[in-house]
Amino acid sequence: MEPREYDEWYKKSIENRDEFWDKIARELDWFEPWDKVWEWNEPFARWFVGAKCNIAYNILERNATTWRKNKLAIIWEGENGEIRTLSYYQLAQECEKFAAVLKSFGVRKGDRVTIYLPRIPEQIISMLTCAKIGAVHNVVYSGLSVEALSERIRDSQSKILITADGSYMHGRTLELKKIADEALSRSPTIEACIVVRRIGEKMIVNMEPGRDYWYHELMALRLANEVKTEVMDAEDPLFILYTSGTTGKPKGVVHAHGGYMVGTYITTKVDFDLKEEDTYWCTGDAGWITGHSYVVYGPLLNGATEIIYEGAVNYPYPDKWWSIIERYGVSIFYTTPTAIRGLMRFGDAWTKRHNLSSLRILGTVGEPINPVAWDWLYTVVGNGRCPIVDTYWQTETGMHTITTIPGMKMKPGWAGKPFFGIESLVVDDKGKPVRAQEIGHLVLKPSWPSMLRGLYNDPERYREKYWTTIPGYYYTGDAAKIDEEGYIQIIGREDDVIKVSGYRLGSAEIESAIVSHPGVNEAAVIPKPDELKGNIIKAFVVLKQGVEPSNELKQEIIEHVAHELGSIAKPSEIEFVESLPKTRSGKIMRRLLRAKEVGTEAGDLSTLEQ
Ligand code: WT7
């Protein structure tokens, strides 16, 4: 797309927003059409009002009954070198079989199912099966641990948990079922736990009779030949995905069938210039929104062939990813700046020993990409031929909201411009647009199809978090700049959300995990800039009276956080302190700790308790 073309299209999409989204929605299959494209009742949006559809129908039936029937949907490679492929037909068959299984457990439309699986095909099969029968999936990343999992099960009141015996992680095995067992003892809503066998005989797992069942045994029962795809209202919930907020409790972001389907479908198609013959690879995990939108729904709605690699970026060798691109002829490669920086560190030789000429489009997501990493991706990986699309969005937005589109002028470090049909602004505290190159709050004008429909069971928190900071606009929580040409640069979070390697973590969540250690009285965590990960977590810890500070204790606290929340939430640095700076009302002033650590101005300190 020529730069001029973008501007023309964009203008049209905003001037005739309803017509624009109406036309795109018609590219998909609906059981019944809509009466109205969208409706706004602040802060609640409804899209494709009155329409009936099912997102899974548009992936399974739609592709499995056309010429795409035998096209590969998924090429999966395990960390141990195992390979599995699934055509659209096979994917539909697996979901049909699993739908019969879930139904036999009494799962009905609207019921919540928690999925705690590693990056294996069953993760996707489980999600699509839930969608097919109208159940609401709640996927928990397999790197999260006991408390994070049980909290998400409890809050969503899930009846069913789908997990695995274990997972592979850097050549080691992680005992997922064991973590799940501990989480289940804290979450009483689960009636049945379905266990996928990933590791097999090498791993002994506890199977509780009457509660725990092996996936492969249930699938072998062939409970029904055909399971009807549920007819959903476009506004019926498709999934809940928990994401870190500013308080200890994660937010259950809710997305709906119809709008989410349209948003992920079109952004995958346009932003990656997706063609039928592409081999698409998004390295994200379906445990996060990137995987929901751009591993599971977006590419499969488009009938793409995609790669899924179970392992980590550098395992077993630093060129594992490059070898995957070469072997499968990957043409679209979508990953995070952290991964790029990590791969860059190994030196160009690892990259250059592979033929990467199949690459056509490169994409990044999750955090700002620094120009050095951008240059390396562009020249060494893309050989100066491939556009880089920097896609800015959030769990809440469901789809890319600000992005570079292939063909548009690229500005390293600047995400790009708003996607068609979306209006974004950078404003001051009063909601007035700032001048070019000035920093302000990034806000979005309501609404776009895949906007979150709310926070699960918490309409007040939803209103307060997103719709009160800048009245009339959706508040992203990010600081940004806009330039003379309308390009937007993301500066970073304005709230207490910490981005580590592109993962989103809440300071309060980590603090409560630290404080649940018996030796700890109080804690405050802050992001500390890091060249590789963007940020690391630094914790300031006040010990209980009589508890002696030591390096062993630091280690113990770190391990405790890993056990409760998962390794990604581990503080990299702990400093024992006598007290924490607080406001007169008793709120910890993380801002002050951060300023001290990073050496910047602390800002307004008038509320500090002296
Ligand atoms: C936050 C949302 C959405 C996919 C993964 C993260 C940051 C996201 C970019 C980008 C700069 C970015 C923002 C945002 N972010 N993409 N291209 N450039 N920053 O989803 O976990 O909901 O995090 O990630 O701070 O608010 P998430």
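Here are a few things to note about the model shown:
- Matching option when the condition is away from the ligand (no atom under 16 Å from the Cβ), among the β-branched types (Val, Ile, Thr) and either open to solvent by less than 10 Å² (accessible area, probe 1.4 Å) or free of Cβ contacts under 8 Å to residues at least 60 places away in the same chain (or both), among Thr351, Thr401: Thr351
- When the residues of the stretch 151-183 are filtered to those that are on the phi < 0 side of the Ramachandran plot and over 24 Å from the mean Cα position of the chain (by Cα), the one that is surrounded by the most Cβ atoms within 10 Å (Cβ to Cβ) is Asp181.
- Counting residues in the stretch 552-562 that are in contact with a Leu (Cβ under 9 Å, 6 or more places away or on another chain) and either over 27 Å from Tyr116 (Cα atoms) or free of Cβ contacts under 8 Å to residues at least 40 places away in the same chain (or both) gives one or more.
- Of the residues making up the stretch 284-303, those that are within 12 Å of the ligand (Cβ to nearest atom) and either part of a loop (DSSP other than H, G, I, E, B) or open to solvent by 10 Å² or more (accessible area, probe 1.4 Å) (or both) are Gly284, Asp285, Gly287, Trp288, Ile289, Thr290.
- Remark: pairs (first residue in the stretch 473-494, more than 14 Å from Trp414 (Cβ to Cβ); second residue at pLDDT 95 or above and of a type in the set (Ser, Thr, Tyr); Cβ separation under 7 Å; 6+ apart in sequence or on different chains) = Tyr474/Tyr466; Tyr475/Tyr466; Tyr475/Thr469.
- Within the set Ala256, Ala234, Ala224, the sole residue that is crowded, with 21+ Cβ neighbours inside 10 Å, over 24 Å from Thr189 (Cβ atoms), in contact (Cβ under 8 Å) with a residue 40 or more places away in the chain and small (Gly, Ala, Ser) turns out to be Ala234.
- With respect to being without any contact (Cβ under 8 Å) to a residue 12 or more places away in the chain and farther than 30 Å from Val49 by Cα, Ile162 falls outside the description.
- Single condition Trp321 does not satisfy, out of (1) more than 16 Å from the ligand (Cβ to nearest atom); (2) part of a loop (DSSP other than H, G, I, E, B): (2)
- Cβ-Cβ distances below 9 Å connect the following pairs, each with a first residue in the stretch 358-376 that is within 11 Å of the ligand (Cβ to nearest atom), a second residue that is assigned to a loop (DSSP other than H, G, I, E, B) and β-branched (Val, Ile, Thr), and a separation of six or more residues or different chains: Gly363/Thr404; Thr364/Thr336; Val365/Thr336; Gly366/Thr336; Glu367/Thr336; Ile369/Thr336.
- Flag: Thr267 matches the condition of being within 16 Å of the ligand (Cβ to nearest atom) and not in a strand (DSSP E or B).
- Every residue from the stretch 184-205 that is open to solvent by 80 Å² or more (accessible area, probe 1.4 Å), assigned to a loop (DSSP other than H, G, I, E, B) and over 22 Å from Phe98 (Cβ atoms): Pro188, Ile204
- Ala312 vs. criteria in a helix (DSSP H, G or I) and aliphatic (A, V, I, L, M): no
- Look at the stretch 564-586: where a residue is assigned to a strand (DSSP E or B) and a partner is loosely packed, with under 14 Cβ neighbours inside 10 Å, sitting 6+ places away or on another chain with Cβ atoms under 6 Å, you get Lys582/Glu609; Thr583/Thr607.
- Within the stretch 404-418, one or more residues are open to solvent by 10 Å² or more (accessible area, probe 1.4 Å) and more than 16 Å from the ligand (Cβ to nearest atom).
Let's see how each residue does on (1) touching a Phe, Trp or Tyr at 6+ places or on another chain (Cβ under 8 Å); (2) over 28 Å from Val270 (Cα atoms); (3) not in a loop (DSSP other than H, G, I, E, B):
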position	(1), (2), (3)
Trp414	yes, no, no
Lys430	no, yes, no
His441	yes, no, yes
Pro446	yes, no, no
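- Test result for Met219, of a type in the set (A, V, I, L, M, F, W, C), more than 16 Å from the ligand (Cβ to nearest atom) and at pLDDT below 95: no
- Among residues of the stretch 286-300 that are among the aromatic types (Phe, Trp, Tyr), those with a Cβ under 8 angstrom from a residue that is part of a helix (DSSP H, G or I), sequence gap 6+ or separate chain, pair up as Tyr294/Thr264; Tyr294/Thr268; Tyr297/Tyr260; Tyr297/Met261; Tyr297/Thr264; Tyr297/Tyr265.
- Checked against the criterion of being open to solvent by less than 50 Å² (accessible area, probe 1.4 Å), under 24 Å from the mean Cα position of the chain (by Cα) and modelled with pLDDT of 95 or more, the stretch 379-386 has no qualifying residue.
- Test: Val262 is in a helix (DSSP H, G or I) and buried (at least 21 other Cβ atoms within 10 Å of the Cβ): yes
- Extreme residue, nearest to Leu149 (Cα to Cα), among residues of the stretch 251-274 that are of a type in the set (A, V, I, L, M, F, W, C) and touching a helix residue (DSSP H, G or I) at 6+ places or on another chain (Cβ under 7 Å): Met261
The values are calculated or read from the model by the stated rules, or taken from the named source; none is laboratory data. Quantities reported herein were computed from a predicted structural model and do not represent experimental measurements. A quick note on method: Cβ atoms are made from the backbone with ideal geometry, for glycine too, and the neighbour counts reach across all protein chains shown. To get the accessible areas, we keep the full protein, side chains included, count just its heavy atoms, and leave off ligands, DNA and RNA. Shrake-Rupley method; radii C 1.70, N 1.55, O 1.52, S 1.80 Å.
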